[in-house]
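Novice: Pasting a structure below so you can have a look.
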Amino acid sequence: MTDQPTGRPAVSELRALSTPPATPTVPVFSPVAVVASCVGFVLIGVIQALYGPSLPAFRDEFGLSPSAAGLGLSAHFAGGVVGVLLFDRLYVRLGNRRILGSSYLLMAAGAAGFALAPNWPVALAAALLAGLGFGGIDYGLNQLFAVGFGKRSTAMLNILNAHFGVGAILGPALIGAVGAEHYPAVFLAFSLANLPLLLCLRGVREHVPQLAPESGRPGGQVLARSLGSVLGVFVTLYVLHVGIEAGVGGWEPTHLETVGYGATAAATATSVYWLMMTVGRFLVAPLALRFSPQSIIAVSCAGMTVCLLLAAVPGLAPYAYAGVGLFIAPIFPTGLPWLNRAAPRARRAGAVVIAASMAGGVAAGPALGKAIEWSGVRAVPLLLCGVSALCLAATLWLIRATRTH
C-alpha cells in the first residue's frame with residue numbers, strides 16, 4: 001500500500017540507513033531477478049487496488065452491508081501485517097528465495113480462492129491468505145533492495161516502489177474495462193501471473209550479510225527519554241495515512257457513483273488517484289534534495305486535507321481525489337528516513353511501522369463502513385478529511401519533538 005499507497009520499505013531499510021551502505025561482493029540480484037522483483041511489486045499493487053472497484057459486485061453477490069464488504073480489504077491488510085512480522089522473524093532461518101517463493105505462492109492461492117469462493121467467509125479467508133503473501137513480498141523485496149545495491153540502494157528502492165503504483169493503476173482499470181461483475185476472472189488472471197516469477201528466484205542471492213550499526217554515530221541518544229512517545233506518534237501517523245489511502249481507494253468509486261458519476265467514470269477516476277500516487281513518488285525525489293522530510297510530510301498532510309475537503313463538492317470530486325493521491329504519495333517513503341534519523345537505535349522500528357501501516361488498512365474497511373452506515377456515502381470525503389487533519393497534527397507534533405535532533 002502499500003504507499004504507500006504508496007510501496008512499503010521494510011525494517012532493514014532503516015537498519016541499512018544507519019551506516020553508509022557497502023556494495024556486496026556478490027550481487028544480490030541478477031538483472032532478470034531485478035526485473036522480476038519490479039513485476040512482483042506491480043502485482044502486489046494490483047491486488048490491493050482490485051478490492052475497491054469490485055466492492056459493488058461482491059456486495060450484490062453476497063448480500064453485504066458496507067461495513068461487511070469493507071472486511072475484504074481489511075482481511076487482506078490483516079494478512080499483510082502477519083506476513084511482515086512472520087517473515088521478519090523467519091528471514092535468517094529460511095533465506096531469501098524461500099521467503100519470496102512462499103510469498104508468491106500464498107498470494108496466488110489467496111487470489112484464486114477469492115475468485116472462486118462460494119460464500120463470503122471463504123472469500124475473507126482467501127483475502128487473508130493473499131495478504132499474507134503480500135506482506136512477505138513487501139518485506140522481502142524491500143529488505144533486499146535496501147542492502148543489495150550499495151550506494152544505489154535508495155534509488156533502487158524508489159524504482160521498486162514506483163512499480164507498486166503502476167499495479168495500483170492497472171487494477172481499477174482492469175475492473176473498469178471488463179466490468180465489476182467479472183472480478184473473479186481478473187483475480188484468477190492475477191493469480192496465474194504470480195507463478196512465472198518463481199522461475200526467476202535463482203537470480204536472488206540466498207543470504208545477504210546484515211550491515212552493522214555505526215557505533216559512533218552522534219545524536220543516537222538525543223531522543224532516548226521520549227523515544228516511546230515519538231515511535232507511538234509515528235505509528236499513529238502511519239496507521240491514519242494508510243487508512244486514508246485504503247479508504248479513498250476502496251470507497252472513491254462508490255462515492256462518485258452516489259453523487260452522479262457512471263461506474264466506468266468512477267473506476268477510471270480511481271485509477272487516476274493511484275496514478276497520481278505514482279507521479280507523486282517520482283516528483284518528490286528531486287524535492288527531497290532541497291527540503292527536509294519534515295517539510296515534505298507537513299505539506300503533504302496539509303494538501304491532502306484540503307483536497308479531501310474539496311472532494312465533498314460533487315463537481316470537483318474526481319479532481320480532488322487525484323490531488324489526494326498526489327499529496328499522500330510521499331508520506332510513507334519520506335517518513336522512514338525521518339524515523340531512522342530521529343531514532344537510529346530503535347532496531348525494530350521499521351517492522352513496527354510497516355505492520356502499523358497495514359493495520360491502518362485493516363481498520364479502515366469496517367471503521368469507515370460503519371461511519372458510512374451512520375452518515376451516508378456522501379460523507380466519505382468529510383470523514384477522511386477529519387482523519388487527514390489528525391495526520392497533520394501528528395506531523396506537527398513530531399516536528400517539534402525531533403527538532404533538536
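Novice: What distance in nm separates the two pseudo spin-label positions at GLU61 and LEU227, each 7 Å out from Cα along the beta-carbon direction?
Specialist: The modelled label-to-label distance comes out at 4.8 nm.
Novice: Could you calculate the FRET efficiency of VAL35 with ARG378 from 1/(1 + (r/R0)^6), where r is the beta carbon distance between them and R0 is 41 Å, rounded to 0.05? Don't skip to the answer; put the middle values down first.
Specialist: Values: r = 44 Å, r/R0 = 1.07.
For VAL35 and ARG378, the calculated efficiency is 0.40.
Novice: How would GLU257, GLU252, GLU206 rank on accessible area, largest to smallest, probe 1.4 Å?
Specialist: GLU257, GLU206, GLU252
Novice: For a Förster distance of 56 Å, can you work out the FRET efficiency between the beta-carbons of LEU396 and ALA68, rounded to the nearest 0.05?
Specialist: Details: r = 36 Å, r/R0 = 0.65.
My answer for the efficiency is 0.95.
The values are calculated or read from the model by the stated rules, or taken from the named source; none is laboratory data. If you're wondering where the values come from, they're calculated on a predicted model, not measured in any experiment. In this analysis, Cβ positions are derived from the backbone assuming ideal geometry, glycine residues included, and neighbour counts consider all displayed protein chains. Just the protein is used for accessible areas: all its heavy atoms, side chains included, with ligands, DNA and RNA removed. Shrake-Rupley method; radii C 1.70, N 1.55, O 1.52, S 1.80 Å.
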